[in-house]
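Scroll down for the structure; my scribbles are underneath it.
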Amino acid sequence: MGAAIAKLFAAEGAKVVMSARRAAALEEVAAQIAEAGGEPMGMRQDSSRR
């Protein structure tokens, strides 16, 4: 769901900042957004640890 929303915002011209636990998944979505002409920025983050 998060990837779909990020792609939707990017398609509308928004600069998208994303975070995910897995770097590979994050890089894949960022590449798709960039290929479509968007400006993605991403960082790996795990907020489940306290």
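The values are calculated or read from the model by the stated rules, or taken from the named source; none is laboratory data. All of these numbers come straight from a predicted model, not from anything done at the bench. Glycine gets a Cβ as well: all are built from the backbone with ideal geometry, and neighbour counts include every protein chain shown.
Within the stretch 22-45, the set of residues being loosely packed, with under 12 Cβ neighbours inside 10 Å, out of contact with any strand residue (DSSP E or B) (no Cβ under 9 Å at 6 or more places or on another chain) and either not in a loop (DSSP other than H, G, I, E, B) or not hydrophobic (A, V, I, L, M, F, W, C) (or both) comprises 24, 35, 37. Test residue 48 against the stated conditions and say whether it is among the polar types (S, T, N, Q) and part of a loop (DSSP other than H, G, I, E, B). Answer is yes for this residue. The selection criterion, being touching a Ser or Thr at 6+ places or on another chain (Cβ under 7 Å) and either free of Cβ contacts under 8 Å to residues at least 60 places away in the same chain or surrounded by 11 or more Cβ atoms within 10 Å (Cβ to Cβ) (or both), does not hold for residue 18. The single residue among 44, 22 that is at pLDDT below 95, out of contact with any helix residue (DSSP H, G or I) (no Cβ under 9 Å at 6 or more places or on another chain) and not hydroxyl-bearing (Ser, Thr, Tyr) turns out to be 22.
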